[in-house]
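Please read the structure below before turning to the comments.
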């Protein structure tokens, strides 16, 4: 996609502003341009944050798009693009009004039609969105800036879902783009967020660039996590691909880059001693490692084989291999994250502790016939690379024949959507990591969605889990929500959709001249300040 005339003019205006305020203008570009150079955890290859749950695509989404609501640092959902909203006394009608001055990067105003089209596309794809849409009878435009949701049953889910902070996020796109079927990737990358995606500068495997959107109007209140005013203090953000961990640390120390999103835990002790580097933990919620089965094909269509891994896997083996320092990890059998209101070990008391004998019994009782189990192995993410070999060793110790296939992360992200037979380019399993905020509830945990064809890759199918998730969505009492969460965990221990492999924590590494980064479970680049 070529840059629109409106975007080109925005960039020219920024360059002219630099000239008028004392910056030097050389061959049409602002010499004094302030650029934040960032090494992200992976390369950006998929630029549709609804089509995929990949965090690189989500992070791209927060640069380019905006959201109706957003979560603050206290975990509370606040209006973002929405100015005001009301709820009828019976809880069945929601009326929303958009803020004035919201425009897309091509100069078009953001309208109610854009919102409704975007929510429909997201709601067809996302686990929490699907639940929310089950309560929505209709969404209608009142006028260009106001819209209405009519519900078939009262629920407190609407605002929470629209303010969902992580994958998939209900980003607002122009209606013509949001009309793309959710199973197809979009081909036009226009949002109304604080940054413009410079498609002509995008070179997968090398870099992605984003320019400050001069037409963005932040909220008046101070920034607070993902909520509040998204004020941009730099002219451009460049995501630079550097694969070698030592090389990226050296580049940060020399000031050649400004931020490493996901520095290797092995190098953190050296970074702590470097006077040019600061380590900043922006995500107090942490993350959760997760093993995902593909239930469309043998052997994981057999619950006994899935249960066998629940017994065989030992969280500490995985955490020691990937993280090593117990300062940065936590053993946690709670599916919905330790330290949250839904912290419970129900159903997992005797699991996730390396019971090989029990696992072998279950394999012997199963229908497993010795066929290869395709375990996808991403080799370019430091926080994931050590995990598949651990899984392979354990799986082989209980009698599974494992074929571990190496690939980069973005190849894995594309392949995991394939439903083909594993022997013909499909897959059986992989390991990933979720932000803990994604997995803190039965409604937000993406891999718990067991809606068969509507579920995420892996496609679990379980009516009991789905019924319990429905019960949870209707229950406002926190104590009763915990009871339902315990029932869900019990069922998930019998018919597993995935395996949670423990919590871990990841500080960012930054130059000492960098400040203002938002404290948030999601990476965002408004607020950042760079002293030259």
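For segment 254-285, the tally of residues that are in contact with a helix residue (DSSP H, G or I) (Cβ under 6 Å, 6 or more places away or on another chain) and on the phi > 0 side of the Ramachandran plot stands at 0.
Yes or no, residue by residue, for (1) touching a helix residue (DSSP H, G or I) at 6+ places or on another chain (Cβ under 8 Å); (2) under 21 Å from residue 399 (Cβ atoms):
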{"site": "290", "(1), (2)": "yes, no"}
{"site": "296", "(1), (2)": "no, no"}
{"site": "302", "(1), (2)": "no, yes"}
{"site": "310", "(1), (2)": "yes, yes"}
{"site": "322", "(1), (2)": "yes, no"}
{"site": "337", "(1), (2)": "yes, no"}
{"site": "346", "(1), (2)": "yes, no"}
{"site": "360", "(1), (2)": "yes, yes"}
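Only one entry in 238, 234, 259 is at pLDDT 95 or above, more than 26 Å from residue 438 (Cα to Cα), in the same structural domain as residue 524 (by TED's automatic domain parsing) and under 21 Å from the mean Cα position of the chain (by Cα), namely 238. Residue count for segment 391-401, restricted to those that are in contact with a strand residue (DSSP E or B) (Cβ under 8 Å, 6 or more places away or on another chain) and either at pLDDT below 95 or part of a helix (DSSP H, G or I) (or both): 5.
Might you let me know whether segment 500-519 holds any residue that is surrounded by fewer than 18 Cβ atoms within 10 Å (Cβ to Cβ), assigned by TED's automatic domain parsing to the domain that holds residue 329, out of contact with any helix residue (DSSP H, G or I) (no Cβ under 8 Å at 6 or more places or on another chain) and in contact (Cβ under 8 Å) with a residue 40 or more places away in the chain? Among the residues of segment 500-519, not one is surrounded by fewer than 18 Cβ atoms within 10 Å (Cβ to Cβ), assigned by TED's automatic domain parsing to the domain that holds residue 329, out of contact with any helix residue (DSSP H, G or I) (no Cβ under 8 Å at 6 or more places or on another chain) and in contact (Cβ under 8 Å) with a residue 40 or more places away in the chain, which makes the answer no. With the requirement that a residue be more than 26 Å from residue 54 (Cβ to Cβ) and assigned to a loop (DSSP other than H, G, I, E, B), what does segment 134-150 give you? 135, 142, 143, 144, 145 - these are the residues of segment 134-150 that are more than 26 Å from residue 54 (Cβ to Cβ) and assigned to a loop (DSSP other than H, G, I, E, B). If you go through segment 19-34 one residue at a time, do you hit one that is more than 23 Å from residue 514 (Cβ to Cβ), assigned to a helix (DSSP H, G or I) and modelled with pLDDT under 95? For segment 19-34, residues more than 23 Å from residue 514 (Cβ to Cβ), assigned to a helix (DSSP H, G or I) and modelled with pLDDT under 95: present.
Please go through segment 402-429 and give me each residue that is without any contact (Cβ under 8 Å) to a residue 40 or more places away in the chain and in a helix (DSSP H, G or I), ordered by number. 411, 412, 415, 424 - these are the residues of segment 402-429 that are without any contact (Cβ under 8 Å) to a residue 40 or more places away in the chain and in a helix (DSSP H, G or I). When every residue of segment 348-361 is checked against the conditions, at least one turns out to be out of contact with any strand residue (DSSP E or B) (no Cβ under 7 Å at 6 or more places or on another chain), crowded, with 22+ Cβ neighbours inside 10 Å, part of a helix (DSSP H, G or I) and assigned by TED's automatic domain parsing to the domain that holds residue 498.
Is there a residue in segment 430-443 that is within 22 Å of residue 370 (Cα to Cα), in contact with a helix residue (DSSP H, G or I) (Cβ under 7 Å, 6 or more places away or on another chain) and not in a helix (DSSP H, G or I)? Yes, segment 430-443 has at least one match.
One line per residue, one yes/no per condition, for (1) within 26 Å of residue 508 (Cα to Cα); (2) in a strand (DSSP E or B); (3) more than 23 Å from the chain's Cα centre (by Cα):
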position: 183; (1), (2), (3): no, no, no
position: 196; (1), (2), (3): yes, yes, no
position: 200; (1), (2), (3): no, no, yes
position: 214; (1), (2), (3): no, no, yes
position: 229; (1), (2), (3): yes, no, no
position: 242; (1), (2), (3): yes, no, no
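Just a yes or no: is a residue in segment 372-390 surrounded by fewer than 16 Cβ atoms within 10 Å (Cβ to Cβ), at pLDDT 95 or above and either out of contact with any helix residue (DSSP H, G or I) (no Cβ under 9 Å at 6 or more places or on another chain) or outside any loop (DSSP other than H, G, I, E, B) (or both)? Yes, segment 372-390 contains at least one residue that is surrounded by fewer than 16 Cβ atoms within 10 Å (Cβ to Cβ), at pLDDT 95 or above and either out of contact with any helix residue (DSSP H, G or I) (no Cβ under 9 Å at 6 or more places or on another chain) or outside any loop (DSSP other than H, G, I, E, B) (or both).
Yes or no, residue by residue, for (1) surrounded by fewer than 19 Cβ atoms within 10 Å (Cβ to Cβ); (2) at negative phi; (3) in a helix (DSSP H, G or I):
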residue: 78; (1), (2), (3): no, yes, no
residue: 95; (1), (2), (3): yes, yes, no
residue: 100; (1), (2), (3): yes, yes, no
residue: 106; (1), (2), (3): yes, yes, no
residue: 118; (1), (2), (3): no, yes, yes
residue: 132; (1), (2), (3): no, yes, yes
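Is at least one residue of segment 272-279 assigned to a loop (DSSP other than H, G, I, E, B), within 24 Å of the chain's Cα centre (by Cα) and farther than 20 Å from residue 400 by Cβ? No, every residue in segment 272-279 fails to be assigned to a loop (DSSP other than H, G, I, E, B), within 24 Å of the chain's Cα centre (by Cα) and farther than 20 Å from residue 400 by Cβ.
The values are calculated or read from the model by the stated rules, or taken from the named source; none is laboratory data. Please read these numbers as outputs of a predicted model, since none were measured by experiment. Note that we place each Cβ from the backbone using ideal geometry, even for glycine, and neighbour counts take in every protein chain shown.
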